1. Among Lys40/Lys101; Lys157/Lys264; Lys49/Lys218, which pairs are too far apart, with a Cα-Cα distance over 32 Å?
2. Quantify how much of the Cα-Cα distance distribution of the chain extends past 35 Å, in percent.
3. If one computes the Cα centroid of the stretch 148-178 and of the stretch 63-94, what distance in Å separates the two points?
4. In whole Hz, what ³J(HN,Hα) sequence does the stretch 18-31 give by Karplus (6.51, -1.76, 1.60; θ = phi - 60°), x for Gly and Pro?
5. So what are the ³J(HN,Hα) numbers for the stretch 96-111, from phi and the Karplus equation (6.51, -1.76, 1.60; θ = phi - 60°), rounded to whole Hz, Gly and Pro as x?
6. Quick one: what are the phi-derived ³J(HN,Hα) couplings along the stretch 39-51, Karplus 6.51/-1.76/1.60 with θ = phi - 60°, whole Hz, x for glycine and proline?
7. Along the charge dipole of the stretch 2-118, pointing to its positive end and built from +1/-1 on Cβ of Lys, Arg, Asp and Glu, which listed residue (Ile92, Asn56, His38) has its Cα farthest out?
8. Hey, in the GNM for the chain with a 10 angstrom Cα cutoff, which one of Val33, Val187, Val161 fluctuates hardest?
Amino acid sequence: MIVYFNEKYLPLDEVKISPYDRGFHYADGVYEVFRTYHGKPFRFASHIKRLKYSLNELNICFNDLKEFEFISLNLAEMNKILPEDFSVYIQITRGVQFPRKHNYENNLTPTVFVSVSKIKDNSEQLDKGVKIILEEDIRWTRCDVKSVSILPSTLAKTKAVNQNAYEAIFHRDNKITEGSHTNFFAVKDSVVYTAPLSNFILEGITREVVIELCAENKIKVIEDYIRVDQLKGFDEFFITGTTTEITPVIRIADSIVGNGLPGKVTRLIQKYFREYVNSI
Ligand code: PDD
């Protein structure tokens, strides 16, 4: 497998990262994930804007963000993935600082890593829906930053997988924020609800696309918190993300949602999403 590391294309096993990299010591870095449809990066500008925002919020200085389109296409070619679609993982840490000390220096050179992978077939999950579990949101209060410091998310996702669920959905003070790697939506009487943008959630690009598609198709969206104690009052649920796309939720822990089949509005939004990605 060929990856991109600090301005070079290298076989994965030739990548050397210092143990003094602040990413290793302090999870002092950010990441981004985007994918292609029909060979073209999907909403690339929005992903780059979000990456820029995350870097700025952590005061990491790195500007060559537009290059990632070219780099990822090169990697897809070198790894013989093309013409299939692929996802791209970008990680930028603040860089190496010796000796270890908590406060960062301003002149560090960021460590940059990019890898590409084939998109896994998710057709069964899109068709049948998935189980989720609910977990208390113990993450920090800057979830708007796509920091690599996501241990509470990886622990919650592992707990979900161990319970045969696809995703763990977080709640804070009875309010649902988002999933460990997805945004969360609910539907009641054909109105779609999702948490408002704030420091408690990541501004998901798929979330943004869903809201746009709903507006175009006259489906009302209310950006307000879905409350855990009111979950039973909703008709449908779905989660969104770059590789998750629009995945129906048919089970919340041990409770079956509705009749256990993906809901009508969820199906409609899946259809609009598919038509949209096929049209660009
Ligand atoms: N996850 N919320 C969180 C906490 C996320 O990590 C993600 C993305 C999303 C959905 O964002 P988008 O629609 O832009 O993919 C919401 C990526 C894919 C990941 O961690 O792999």
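The values are calculated or read from the model by the stated rules, or taken from the named source; none is laboratory data. Because the structure is a prediction, the values reported are computed rather than measured. As a convention, Cβ positions derive from the backbone with ideal geometry for all residues, glycine included, and neighbour counts pool all protein chains shown. Accessible surface areas use protein heavy atoms only, side chains included; no ligands, DNA or RNA. Shrake-Rupley method; radii C 1.70, N 1.55, O 1.52, S 1.80 Å.
1. Values: Lys40/Lys101 42 Å; Lys157/Lys264 27 Å; Lys49/Lys218 28 Å.
Cα-Cα > 32 Å for Lys40/Lys101; rest within.
2. Details: 7469 of 39060 pairs.
Within the chain, distances greater than 35 Å cover 19 percent of Cα pairs.
3. 28 Å
4. Here the 3J(HN,Hα) series is 5, x, 8, 5, 5, x, 6, 6, 10, 6, 8, x, 10, 9 Hz.
5. 8, 9, 10, x, 4, 8, 4, 6, 8, 8, 7, 9, 6, 9, x, 8
6. x, 9, x, 8, 6, 4, 4, 5, 5, 5, 4, 5, 5
7. Projecting each Cα onto the dipole axis, the largest value belongs to Asn56.
8. Its mean-square fluctuation being the largest, the pick is Val161.
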